[in-house]
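Scroll down for the structure; my scribbles are underneath it.
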Amino acid sequence: MSQGKITSTLVNHITTIEFYHPAQNSMPGNLLEELVSHIKKAEDDENTILIVLKSSGDRSFCAGASFTELAAIQDFETGKKFFMGFANVINAIRKCPKIVVGRVHGKAVGGGVGLAATCDYCMATKYASIRLSELAVGIGPFVIGPAVERKIGLSAFSQMALNATEWQTAEWGKQKGLFTEAFETIEQLDAYIEHFTAELVKKNPEALSHLKKIFWEGTEDWDQLLEKRAEISGNLILSDFATDAIAKFLNA
């Protein structure tokens, strides 16, 4: 659980936050806490106008929750604290007055889909298949649900939540509004992000901040909402169903 890292790099008023974990860029609690810190640091940096969120590697954008850490949860408070990790990241991006651009180069599962959905503008490659697998392991996409539903709509969110073992394509994600583009290659994705952010960073930062507020209107209760959702997951992760399902996954 101590493996993995997050780095921030500032170039031309753009802070790029990059996360990595050897288990397909999954997110244990310590990395979620660190990600919040990096977002808040970029928020407070006067030289930062835009934020780009990305991950390392060439296959997986983010595999969601750390199953090793999930398997170790034995009480409600620990469970709630873990799921609050994702809630805190979502709320940090939501409250950040700076536009956050997402780069999704590969598969996104569970919390990874939540991260993509929370970005203000998100681009992907055709390899960025998506899946909400939570129901398959005895819980549900409760904490990330509001962010995903806000971006793709209730119908598409319901489809993903109930089809917990079925992958949806990056093109499907583009059609539903999760991604603005789904490029053929990572090189094309990076070239366009470089072009897009270079143009956007020239715009009035105050205007961008006002747009950010408008984008997130109606989410003012999310501090309380996502905490309630974390409590649901914190209870469900203790169920026999979830315990057995996660054990089977780890032993597969």
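The values are calculated or read from the model by the stated rules, or taken from the named source; none is laboratory data. No experiment lies behind these values; they were computed from the predicted model shown. Note that we place each Cβ from the backbone using ideal geometry, even for glycine, and neighbour counts take in every protein chain shown.
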Residue match in the range 226-236 (condition: in a loop (DSSP other than H, G, I, E, B), of a type outside the set (A, V, I, L, M, F, W, C) and out of contact with any Ser or Thr (no Cβ under 7 Å at 6 or more places or on another chain)): no
The one condition in (1) surrounded by 17 or more Cβ atoms within 10 Å (Cβ to Cβ); (2) modelled with pLDDT under 95; (3) of a type in the set (Asp, Glu) that residue 231 fails to fulfil: (2)
Residue that is surrounded by fewer than 23 Cβ atoms within 10 Å (Cβ to Cβ), touching a helix residue (DSSP H, G or I) at 6+ places or on another chain (Cβ under 6 Å) and farther than 18 Å from residue 233 by Cα, where the choices are 108, 92, 117, 71: 92
Residue match in the range 27-35 (condition: in contact (Cβ under 8 Å) with a residue 40 or more places away in the chain, surrounded by 19 or more Cβ atoms within 10 Å (Cβ to Cβ) and closer than 24 Å to residue 181 by Cα): no
Near pairs, Cβ below 9 angstrom, 6+ apart or cross-chain, from the range 139-161 (acidic (Asp, Glu)) to any residue that is buried (at least 24 other Cβ atoms within 10 Å of the Cβ) and assigned to a helix (DSSP H, G or I): 149/117
Positions within the range 56-95 being among the acidic types (Asp, Glu), out of contact with any Pro (no Cβ under 6 Å at 6 or more places or on another chain) and in a helix (DSSP H, G or I), in sequence order: 77
Residues of the range 55-66 that turn out to be surrounded by fewer than 18 Cβ atoms within 10 Å (Cβ to Cβ) and either closer than 17 Å to residue 114 by Cβ or touching a Cys at 6+ places or on another chain (Cβ under 6 Å) (or both), as a count: 0
Qualifying residue in the range 22-34 (condition: small (Gly, Ala, Ser), part of a loop (DSSP other than H, G, I, E, B) and touching a Phe, Trp or Tyr at 6+ places or on another chain (Cβ under 6 Å)): no
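Do you know which of the residues in the range 96-125 that are part of a helix (DSSP H, G or I) and without any contact (Cβ under 8 Å) to a residue 60 or more places away in the chain is nearest to the chain's Cα centre (by Cα)?
Selected residue: 114.
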